[in-house]
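Presented below is the structure to which this report refers.
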Amino acid sequence: MIKELIDKLYKNNYLNKDELAYIIANKEDEVIKYASTKAAEVRQKYYGNKVFMRGLIEFTSYCKNDCIYCGIRRSNSNAERYRLTAEQILKCCEIGYNLGYRTYVLQGGEDPFYTDDKIIEIVSDIKRLYPECAITLSIGEKSYESYKKYYVAGADRYLLRHETANEEHYAKLHPKELSLRNRKECLFNLKKIGYQVGAGFMVESPYQTPENLAEDLLFMKELQPEMIGLGPFIPQKDTPFRDKKQGSLQTTVLMLALTRLMFPKVLLPATTALGTIHPLGREMGIKAGANVVMPNLSPTDVRAKYSLYDNKICTGDEAAECRNCIERRINSAGFEVDPSRGDNIEWKRK
Ligand code: SAH
């Protein structure tokens with residue numbers, strides 16, 4: 001029965017909510033293995049055995065928001081805050097460029113210190129120095145106009161996980177001033193402007209049901225994102241969710257496989273969070289259909305401060321170490337690093 005559902009998903013790239021929730025609620029090892037094998041086949045068809053690399057620059061740990069799960073939420077007074085200067089960010093790009101990265105992901109909390117003008121300046125500087133590279137922003141909810149300005153300045157991609165597509169669930173993970181409605185509107189605005197858009201969600205975040213996960217996949221079917229970021233929820237000790245259960249390896253791998261089957265051409269990272277809950281988590285993610293990794297390019301002295309969740313890996317390693325480690329891991333899983341900027345194969349800048 002479940003195998004037939006997975007075959008149907010493989011064939012149609014679609015299942016309804018009940019069907020998806022049924023698979024997710026009945027995930028035995030054998031089911032996960034079967035889904036992963038099919039997903040790997042799909043990934044192979046469109047992307048071969050290549051895995052793209054993105055250099056991740058976590059440029060600010062200040063945040064004006066108070067998402068309940070997140071270690072850099074504003075009410076966490078134990079969080080150590082830092083900001084990188086434009087020069088420091090450009091230095092990270094230079095190091096990344098020399099390591100072969102052709103995509104830079106600028107991620108941070110929602111930090112008003114970085115006004116639109118500052119972001120535009122940083123984006124334009126990177127584009128001027130590295131015109132052939134892609135810039136991805138991941139700096140939260142902004143107005144249509146701001147997104148548009150960043151795009152015109154040269155940003156190519158934007159990561160904004162929807163976190164959960166279910167209203168009630170969204171309200172359990174976020175303070176009341178944040179709304180799913182606005183989050184979704186941001187995502188549709190980004191699409192309209194022409195970005196390659198990354199949506200996504202945490203796996204087994206508190207109060208999440210199999211139905212919620214099915215809703216996440218179906219919402220994305222509507223949005224048609226070019227990228228999908230998903231990883232296990234991991235509790236952070238200074239948040240109200242400190243005692244909640246961590247998302248499992250099994251469910252995360254299954255969700256990666258289902259995502260690949262539903263979105264054959266999507267760019268899908270094996271996330272740092274997945275590597276955090278199991279030493280070979282990212283390798284297993286790649287084998288289940290993921291085709292992107294995001295090695296850390298942030299200066300080593302700030303790494304530990306970007307503490308979204310506990311026990312985050314790679315906080316002590318120099319960028320070059322991360323680069324070599326990730327390539328070794330990709331190779332040992334039977335895949336190869338692709339040094340190109342790795343756009344979604346259906347995207348063209350407009
Ligand atoms: N401020 C930006 C970037 C957020 S951090 C934004 O709003 O998009 C990137 C992602 O980390 C979040 O979207 C969230 O899904 C994930 N994250 C945050 N806390 C986490 C936790 N405790 N466990 C796992 N993932 C977490």
Checklist outcome for this item: Distance in nm between GLU30 and TYR207 label points, each 7 Å along Cα→Cβ, equals 3.7
Checklist outcome for this item: the stretch 194-291 accessible area per residue, 1.4 Å probe, protein heavy atoms, integer Å², reads 27
Checklist entry - What fraction of the DSSP beta bridges in the stretch 131-238 is antiparallel, stated in percent and rounded to the nearest 5? => result 0
Item to check | Charge dipole of the chain about the Cα centre (unit charges at C-beta), most positive-ward option of THR315, GLY342, ILE330 | outcome: GLY342
Checklist entry - Quick one, what does Rg over Rh come out to for the stretch 100-247 if you take C-alpha atoms and the Kirkwood Rh? => result 0.99
Item to check | Fraction of accessible area attributable to carbon and sulfur, the stretch 213-272 (%, probe 1.4 Å) | outcome: 47
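Send over the Kirkwood Rh of the stretch 1-121, from the inverse of the averaged 1/r over different Cα pairs, rounded to one decimal Å.
On the way: mean 1/r = 0.0540 Å⁻¹.
Every distinct Cα pair counted, the radius reaches 18.5 Å.
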Checklist outcome for this item: Lys and Arg at +1, Asp and Glu at -1: neighbours of ASP343 with Cβ under 14 Å from its Cβ sum to +4
Checklist entry - Taking the Cα centre of the stretch 1-133 as origin and charging only Cβ (+1 Lys, Arg; -1 Asp, Glu), how large is the dipole, in debye to the nearest 20? => result 300
Item to check | DSSP bridge orientation in the chain - percent antiparallel, rounded to nearest 5 | outcome: 5
Item to check | Lone cysteines, the chain (no partner Cβ under 4.7 Å) | outcome: CYS63, CYS92, CYS93, CYS133, CYS186, CYS314, CYS322, CYS325
Item to check | Farthest toward positive dipole pole in the stretch 233-310 [+1 Lys/Arg, -1 Asp/Glu at C-beta], among ASN296, SER248, GLN236 | outcome: SER248
Checklist entry - Between the DSSP loop rule and a limit of at most 11 other Cβ atoms within 10 Å, which GluC sites (Glu not before Pro) in the stretch 247-350 are left? => result GLU346
Item to check | For PHE233, net neighbour charge (Lys/Arg +1, Asp/Glu -1) across residues whose Cβ lies under 15 Å away | outcome: +3
Checklist outcome for this item: Once THR115 and ALA86 are pulled to full extension, the length gained, defined as 0.36 nm per residue separation minus their Cα-Cα distance, is 9.2 nm
Next on the checklist: Give me the dipole magnitude in Debye, nearest 20, for the chain about the Cα centre, with unit charges on the beta carbon: positive for Lys and Arg, negative for Asp and Glu.
Outcome noted: 480
Checklist outcome for this item: When the charge dipole of the chain is computed with +1 at the Cβ of Lys and Arg and -1 at the Cβ of Asp and Glu, the Cα pointing farthest to the positive end, of PHE263, ALA25, TYR69, is that of PHE263
Item to check | Rough spin-label spacing in nm, given labels placed 7 Å along Cα→Cβ, for LYS350 and LYS11 | outcome: 3.4
Item to check | Peptides 274-281, 71-78 ordered by average Cβ neighbours within 10 Å, highest first | outcome: 274-281, 71-78
Item to check | Computed over the stretch 2-338: relative contact order in percent, which uses C-alpha pairs under 8 Å that are six or more apart | outcome: 25
Next on the checklist: I'd like the Karplus ³J(HN,Hα) series for the stretch 178-184: coefficients 6.51, -1.76, 1.60, θ = phi - 60°, whole numbers in Hz, and an x wherever there's a Gly or Pro.
Outcome noted: 9, 10, 4, 4, 5, 4, 5
Checklist entry - Just how large is the dipole of the stretch 135-194 about the Cα centre, in debye to the nearest 20, putting +1 at every Lys and Arg Cβ and -1 at every Asp and Glu Cβ? => result 140
Item to check | At 1.567 mPa s and 4 °C, Stokes diffusion of the stretch 229-272 via Kirkwood alpha-carbon radius, µm² per second | outcome: 110
Checklist outcome for this item: Counting only protein heavy atoms and rolling a 1.4 Å probe, one gets per residue an accessible area for the stretch 90-156 in Å² of 39
Checklist outcome for this item: Length gained, GLU132-SER146, 0.36 nm per residue minus C-alpha separation, equals 2.7 nm
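Assuming 1.002 mPa s and 20 °C, estimate D for the stretch 2-338 with Stokes-Einstein, Rh taken as the Kirkwood radius over Cα pairs, in µm²/s.
Translational D for this selection: 107 µm²/s.
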Next on the checklist: Binning at 10 angstrom from zero up to the longest distance, how are the C-alpha pair distances of the stretch 61-162 distributed in percent?
Outcome noted: 14, 46, 32, 8, 0
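The values are calculated or read from the model by the stated rules, or taken from the named source; none is laboratory data. Everything numeric here is computed off the predicted structure, so don't read it as measured data. We place every Cβ from the backbone using ideal geometry, glycine too, and count neighbours over all the protein chains shown. Surface areas here come from the heavy atoms of the whole protein model, side chains and all, with no ligands, DNA or RNA. Shrake-Rupley method; radii C 1.70, N 1.55, O 1.52, S 1.80 Å.
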